[in-house]
Amino acid sequence: MTEDRLAQSHNPLLSVRDLSVAFGGIVALNGVSFDMQRGHILGLIGPNGAGKTTLFNCLSRLYQPSKGDILMEGASILTRPPYRIAEIGISRTFQNVALFPNLSVIDNVRVGTHSRSNGNIVSDSLKLGQVRRAEAALERKVDEILGYLGLRGVAHAVAAELPFVTQKRVELARALAAEPKILLLDEPAGGLNHDEVHGLGELIRRIRKEREMTVLLVEHHMGLVMSTADHVVALNFGRKIAEGTPSQVQSDPQVIEAYLGNKNR
Amino acid sequence: MMVDASRKAISDAPPSDADAARTMRLGTGTSLVILLLLLVAPLLVKNFIVFQLTTVLIYGIAILALNILTGGSGQFSLGQSAFYALGAYTSAILIEHAGVNYALTLPISGIVCFAAGFLFGLPALRLSGVYLALATFALAVATPQLLKLGALEPWTGGVQGLVVDKPDAPFGLPVSQDAWLYYFTLAIAVAIYIASVNLLSSRSGRAMMAIRDNEIAASAMGINVALYKTLTFGVSAAITGIAGGLGAIAVQFVAPDSFTIQLAIALFLGMVVGGVGWLPGSLVGAAFIVFIPNVAESISKGLSGAVFGVLLLVVIFLVPDGARQVAQACRSVIGRRKG
């Protein structure tokens, strides 16, 4: 088992190969390639319109690339419909929070387990023994995640009625419920204050360590990426302009010009 | 991080209890009281009223089916009368032409309508909101004419329709035909209600409601949106078909003009009056569409339609969330008394 793991660690968990996306005449991504190693936190940075969210949406199969490939553990994900991405261990959050607003927090998290459970409308309607047992196991798992993220107190509240910060946390809980190998976080720091961003960085590192996940962090907030990520990929105008450790990327002249320079940081 | 903020959120959070499993149904105690009332009701009233109560149960089942579709998966339908007609004709034809026992025709009607609903759901996947409502409207408008088709006349009886024999109580039970039919319908209604509550509070039901709330997020969580939408259409059509079959048996007659768009609109209206997405409201909505036209007629024979319209407006203005809102108000009053 450990040897297996060691052997695998030489292969990337996910690899993006020469990926291009065009919308009409606009090239949103142009030949982007990088690898994600198991257990790493990879930060994806770039100014507005750099192609971060486009790349993200390719990973969750909302966009079809015009060229290139995305390999998860060596197999292309581009043959899968969007709803069959969760089952291979890719789970995401959304930039502007996409919860199920009329469902309670606990139901939102229960939906997160959909790809890790089975059932059909007949056995569900009859509430057969196997359904009861599956629901009991699901309850333990959901309760553990709610506890892990400090959401037990709001478990039965309607998602839409919660403050934005808590909604983001519910979305994270829902993504964790899918037991992903890769957690895709789309601008998780958006709308958070300074202290909250700091706490978020700690939480992401804790999740990586304690739940053995690989994280792709798409983020505007440079401070969060630099303090959290192991490896950083910088995009600008749809191209990769730099890749390396946070300090390497931070000192890259192209990155400074494209992004940091403008922000005087 | 968000720890501090979320602690604050916890104290600020509304004490609402919004689990799908709980918001969809009534508590066990209330359910049993209502069941008891439904069990004794036929003993207290005349046979004609028993027949009307049977009609309420049948429409209640059909409205429940619409509630699963609209309240559950967020899809609209003005075409439920088509599935109701299909179920009614399937049962009537099986009883009259094939001599099948009336009770056995109901699951067959359910299966036939499931298939029809599922198939209709496939093209309907491309439509949503008002456009889906219009597509289903077209189905409802076409149905009575399709039933009159000359080619189908040997089975359907064409414009004349089919007469169905009224079943006697089995095992020589000492109850009238009307009372037997009532209890038979009640048993089926209760079974369908329980199965629907189970369904909506299960993994499948959560998937339907997730789709209703946000399709992209549902898909990202591994839910096959197209499959669940069409399945929901199928389930809704199946339950409507069973209601239709029961309707054919109760009324002892099926004819094309019993299943016009007016029936579909009545069912839609019943769902809104009962409270969209609240399953027990289906019974209240059914009572509304069966009894309120009579009430309107007793107020003014010549203007019964206008009186009905006014009564409907009053309901919509006073309780836009329908019976669900009334139930919530009752619950909070009782809660305050206890507290």
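The values are calculated or read from the model by the stated rules, or taken from the named source; none is laboratory data. Predicted model only: the values in this text are computed from it and were never measured. All Cβ positions, glycine included, derive from the backbone under ideal geometry; neighbour counts span all protein chains shown.
For this structure, a couple of remarks:
- Matching residues in segment A:40-86 - criterion: being surrounded by fewer than 22 Cβ atoms within 10 Å (Cβ to Cβ) and touching a Gly at 6+ places or on another chain (Cβ under 6 Å): A:Tyr83
- Identification of helices (runs of 4 or more DSSP H) wholly contained in segment A:164-265 with 1 or more residues that are surrounded by fewer than 15 Cβ atoms within 10 Å (Cβ to Cβ) and more than 11 Å from chain B (Cβ to nearest Cβ) yields A:194-210, A:222-228, A:246-250.
- Number of residues in segment A:64-88 that are farther than 22 Å from A:Asn30 by Cα, part of a loop (DSSP other than H, G, I, E, B) and in contact with a Leu (Cβ under 9 Å, 6 or more places away or on another chain) equals 2.
- Single residue of A:Arg92, A:Arg110 found to be touching a residue at least 24 places away in the same chain (Cβ under 8 Å), in contact with a Phe, Trp or Tyr (Cβ under 9 Å, 6 or more places away or on another chain) and either at the interface with chain B (Cβ under 9 Å from one of its Cβ atoms) or within 22 Å of A:Lys52 (Cβ to Cβ) (or both): A:Arg92
- Test: residue in segment B:167-174 that is surrounded by 14 or more Cβ atoms within 10 Å (Cβ to Cβ) and more than 17 Å from the chain's Cα centre (by Cα): yes
- Complete set of residues in segment B:282-339 that are in a loop (DSSP other than H, G, I, E, B) and either more than 20 Å from B:Gly270 (Cβ to Cβ) or touching a strand residue (DSSP E or B) at 6+ places or on another chain (Cβ under 7 Å) (or both): B:Ser300, B:Lys301, B:Gly302, B:Leu303, B:Gly339
- When residues of segment B:143-199 are limited to those that are of a type in the set (Gly, Ala, Ser) and at positive phi, the one farthest from the other protein chains (Cβ to nearest Cβ): B:Gly158
- When restricted to residues that are at pLDDT 90 or above, of a type outside the set (A, V, I, L, M, F, W, C) and out of contact with any helix residue (DSSP H, G or I) (no Cβ under 6 Å at 6 or more places or on another chain), segment A:213-237 contains 3.
- Scanning segment B:218-227 for residues that are surrounded by fewer than 23 Cβ atoms within 10 Å (Cβ to Cβ) and either out of contact with any Leu (no Cβ under 6 Å at 6 or more places or on another chain) or facing chain A (nearest Cβ under 7 Å) (or both) yields B:Asn224, B:Val225, B:Leu227.
- Selection count, segment B:72-112, where residues are under 11 Å from the mean Cα position of the chain (by Cα) and of a type outside the set (Ser, Thr, Tyr): 1
- Failed item, numbered, when A:Ser117 is tested on (1) at the interface with chain B (Cβ under 10 Å from one of its Cβ atoms); (2) surrounded by 17 or more Cβ atoms within 10 Å (Cβ to Cβ); (3) closer than 25 Å to A:Lys181 by Cα: (2)
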